[in-house]
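For reference, the structure is listed below as C-alpha cells.
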Amino acid sequence: MQVILLQDIDKVGAKHEVVTVKDGYGRNFLIPKGLAVIANKSNMKQLTRLRQKAEALEAEARNKAQAIADQLKDTVLRIGAKVGDTGKIFGSVTTIQIAKALRDQHGIEVDRKDIHIEDEVKTIGMYEAELTLHKDVIIKVNFEVAED
C-alpha cells in the first residue's frame, strides 16, 4: 500500500513523502492516527500544493533567520554578573542569560536550546556562543561578561 506521510515517522519516512507500507500498518495505524493518507490521484495533487506551501514557508523562515544573522553579525552582547575578589563570577553564564541579553539588547527572541556555549563561563571576559537560528543559518555571537 502506498501512503503519503503527513508527519516525519522514524524508520518509515519524512513528511510529504510517498512510501510503501504493509496494508495492515497503513489501514490500522497510520491512516486512523492521521499520520498518513492513501496515495491516490487527488491526494497526490494535494501533495504538490502542500510541498509548494511548505517550501515557501521554509524559504520565508530562512530569510528571516538570515536577516537576524546579519543584524547580529558584528554585535557584542553585554552580560552582567556578580564577581568575587579573584575575578571569578558567582555561578556561571548560561544560555538562559544569553537569550535574555538578546531579547533585552536587540529585541530578538532565540530559544535557549538553540544557543550553544563551548566552555563553561566562570570568569569575566570575552566569549563566543553559537546560535542556530535556522537549520541552514548558524552564526557565532560574541558576548562580554562584565562586573555588574
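The values are calculated or read from the model by the stated rules, or taken from the named source; none is laboratory data. Remember, it's a predicted structure, so these values are computed and weren't measured experimentally. Cβ coordinates were reconstructed from backbone atoms using ideal geometry, including for glycine residues, and neighbour counts include every protein chain displayed.
Do we have any residue at all in segment 69-80 that's acidic (Asp, Glu), modelled with pLDDT of 95 or more and assigned to a helix (DSSP H, G or I)?
No.
Take the residues in segment 20-59 that are among the charged types (D, E, K, R) and more than 13 Å from Met1 (Cβ to Cβ), then tell me which one is nearest to the chain's Cα centre (by Cα).
Checking each candidate, the answer is Glu58.
Quick grid of which residues meet (1) within 30 Å of Leu6 (Cβ to Cβ); (2) loosely packed, with under 15 Cβ neighbours inside 10 Å; (3) in contact with a helix residue (DSSP H, G or I) (Cβ under 9 Å, 6 or more places away or on another chain):
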site	(1), (2), (3)
Asp74	no, yes, no
Leu77	no, no, yes
Asp85	no, yes, no
Val110	yes, no, yes
Ile117	no, no, yes
Glu128	no, yes, no
Asp136	yes, yes, yes
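Restricting attention to segment 13-33, and to residues there that are modelled with pLDDT of 95 or more and assigned to a loop (DSSP other than H, G, I, E, B), which single residue is surrounded by the most Cβ atoms within 10 Å (Cβ to Cβ)?
Top of the filtered list is Val21.
Being closer than 22 Å to Asp114 by Cα, free of Cβ contacts under 8 Å to residues at least 12 places away in the same chain and part of a helix (DSSP H, G or I) is the requirement here; does Ala101 meet it?
The answer is no for Ala101.
Give the residues of segment 105-145 that are farther than 30 Å from Glu55 by Cα, assigned to a strand (DSSP E or B) and not hydroxyl-bearing (Ser, Thr, Tyr), sorted by residue number.
Selection gives Ile117, Val121, Lys122, Gly125, Met126, Glu128, Asn142, Phe143, Glu144, Val145.
Within segment 73-88, which residues are of a type outside the set (Lys, Arg) and more than 11 Å from Ala146 (Cβ to Cβ)?
Asp74, Thr75, Gly84, Asp85, Thr86, Gly87
What do you reckon, is Asp85 of a type in the set (D, E, K, R), in the same structural domain as Ile138 (by TED's automatic domain parsing) and either modelled with pLDDT of 95 or more or part of a helix (DSSP H, G or I) (or both)?
Here the answer is no, as Asp85 does not meet what is asked.
Please go through segment 1-12 and give me each residue that is of a type outside the set (Val, Ile, Thr), assigned to a loop (DSSP other than H, G, I, E, B) and farther than 21 Å from Glu58 by Cβ, ordered by number.
Met1, Asp10, Lys11
Consider Ile4 carefully, then state whether it is surrounded by 12 or more Cβ atoms within 10 Å (Cβ to Cβ) and more than 29 Å from Ile139 (Cβ to Cβ).
In short, yes.
Looking at segment 51-61, is at least one residue among the polar types (S, T, N, Q) and surrounded by 11 or more Cβ atoms within 10 Å (Cβ to Cβ)?
no
Find the residue count for segment 34-48, including only residues that are surrounded by 14 or more Cβ atoms within 10 Å (Cβ to Cβ), not in a helix (DSSP H, G or I) and not β-branched (Val, Ile, Thr).
Number of matching residues: 3.
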